[in-house]
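To start, the structure under review is shown below, and the notes come after it.
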Amino acid sequence: MPVRVLGAVALGGALGSLARFGLSVAFPHPPGGFAVSTVLVNVTGCLCIGVLYTVTANPLWRAFLGVGVLGGYTTYSTAVLDALQSARTGHWLTAFGYTFGTLAACLLAVAAGMRLAPVLRPTRSGEE
């Protein structure tokens, strides 16, 4: 693995993780409560990855932005933990709604990102 790719992933991961941490501080939630920051990072991260993988095939950009920034920014494990904490505190409707709502929103966000991508980066003549 080239050092510049590893560096891109590491730098991107640090930036994405810091952004996620900032949102968790800005939008705190009690244990068992609705985790706005986790939903926000996962849905916006899915939107961004839909755009990214549609507009560029450049391996370095995909490593930096996709694996690094968006990998550090999004968090499946925290989403599952938040849902489990809701269930453990008796908030079953919140747990199920959060789990399935997040999955549906993330799927729609990736699709929206892929549809939005051509608007953000129109194809030049002679390009595919």
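Restricting segment 19-55 to residues that are hydroxyl-bearing (Ser, Thr, Tyr) and in contact (Cβ under 8 Å) with a residue 24 or more places away in the chain, which is farthest from Phe96 (Cα to Cα)?
Looking at residues that are hydroxyl-bearing (Ser, Thr, Tyr) and in contact (Cβ under 8 Å) with a residue 24 or more places away in the chain, I get Thr54.
Looking at segment 100-128, I want the residues that are under 14 Å from Gly45 (Cβ atoms) and have a partner that is surrounded by fewer than 14 Cβ atoms within 10 Å (Cβ to Cβ) and modelled with pLDDT of 95 or more with Cβ atoms under 8 Å, at least 6 apart or on another chain. Which pairs are those?
Close Cβ pairs (under 8 Å, with a partner that is surrounded by fewer than 14 Cβ atoms within 10 Å (Cβ to Cβ) and modelled with pLDDT of 95 or more) do not exist here.
Residue-by-condition table, conditions (1) in contact with an Asp or Glu (Cβ under 8 Å, 6 or more places away or on another chain); (2) farther than 30 Å from Leu6 by Cβ; (3) buried (at least 19 other Cβ atoms within 10 Å of the Cβ); (4) basic (Lys, Arg):
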{"position": "Tyr53", "(1), (2), (3), (4)": "no, no, no, no"}
{"position": "Ala83", "(1), (2), (3), (4)": "no, yes, yes, no"}
{"position": "Arg88", "(1), (2), (3), (4)": "no, yes, no, yes"}
{"position": "Leu93", "(1), (2), (3), (4)": "no, yes, no, no"}
{"position": "Thr102", "(1), (2), (3), (4)": "no, yes, yes, no"}
{"position": "Cys106", "(1), (2), (3), (4)": "no, no, yes, no"}
{"position": "Met114", "(1), (2), (3), (4)": "no, no, no, no"}
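Restricting to helices (runs of 4 or more DSSP H) lying wholly in segment 1-101: which have 2 or more residues that are farther than 28 Å from Arg115 by Cβ, of a type outside the set (Phe, Trp, Tyr) and modelled with pLDDT under 95?
Qualifying helices (runs of 4 or more DSSP H): 76-88.
A quick yes/no check of all residues on (1) among the aliphatic types (A, V, I, L, M); (2) surrounded by fewer than 21 Cβ atoms within 10 Å (Cβ to Cβ):
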position	(1), (2)
Ala8	yes, no
Val39	yes, yes
Gly66	no, yes
Tyr73	no, no
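Name the single residue that is nearest to Ala109 (Cα to Cα) among those in segment 40-68 being under 9 Å from the mean Cα position of the chain (by Cα) and aliphatic (A, V, I, L, M).
Leu47
The values are calculated or read from the model by the stated rules, or taken from the named source; none is laboratory data. This is a predicted model, so every value here is computed, not measured. Because the Cβ atoms are built from the backbone with ideal geometry, glycine has one as well, and the counts that use them run over all protein chains shown.
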